[in-house]
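Here is the structure we will look at, set down as structure tokens.
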Amino acid sequence: MFDFQPHPHLGLILMGGVFAWAGIQHFFHFRHLTGWLASRRWPFPATLLTLGSLLQIAGGGLLIVGVLIPFAAAALIVFTVVANLTLLDFWRQPPEMRQTSQNAFTGNIALIGGLLLAACGG
């Protein structure tokens, strides 16, 4: 009846695009994000923000072009798990901020699922 067969690389392009776009956006909001990381008591916030953003751009770019997919996916999984647990700690936030962080947290879990599929070639 209806046979929808998307090309598997489309999923990699979409996931990679999310990470690459986010990494690029960090540089446009660098001062604000560095201050936020400092307020969260992160050591060397500018350095860590730069490295994390470059990882997002590079990992996302590798997924987009379909090169070193398991390596890129694994790096982005580690990045996303660390970001989720340290920056989107909705369980510690006041009620008025909790829902937004919880939505981002669960959305990142879905991205991790997609990255796991990508890393396994499925």
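Here are the numbers for the structure shown:
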| read-out | value |
| --- | --- |
| Helix-derived mean residue ellipticity, 222 nm - over the chain, DSSP H n ≥ 4, -39500 (n - 2.57), to 500 | -27000 deg cm²/dmol |
| Cα long-axis angle, helix 30-39 against the chain (0 to 90 degrees, to the nearest 10) | 60 degrees |
| Degrees separating the helix 45-65 axis from the principal Cα axis of the chain, which is the longest one | 10 degrees |
| Rel. contact order, % - alpha carbon contacts under 8 angstrom, at least six apart, the chain | 27 percent |
| GNM flexibility winner over the chain from 36, 21, 91 (Cα, springs under 10 Å) | 91 |
| Diffusion constant of region 3-50 at 25 °C, which comes from Stokes-Einstein with the Kirkwood Cα-pair radius and 0.890 mPa s, µm²/s | 194 µm²/s |
| Helix axis angle, 69-87 relative to the chain longest principal axis, alpha carbon, degrees | 30 degrees |
| Packing-based ranking, highest mean first, of 98-108, 10-20 given that Cβ atoms within 10 Å are counted | 10-20, 98-108 |
| Three semi-axes of the equivalent ellipsoid, the chain, Cα gyration tensor, whole Å, largest first | 28, 18, 12 |
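Each reported figure results from applying straightforward, stated rules to the coordinates on display, with no laboratory input. The model shown is predicted, which means the values in this text are computed figures rather than measured ones. Ideal geometry is used to build each Cβ from the backbone, glycine not excepted, and the neighbour counts take in all protein chains shown.
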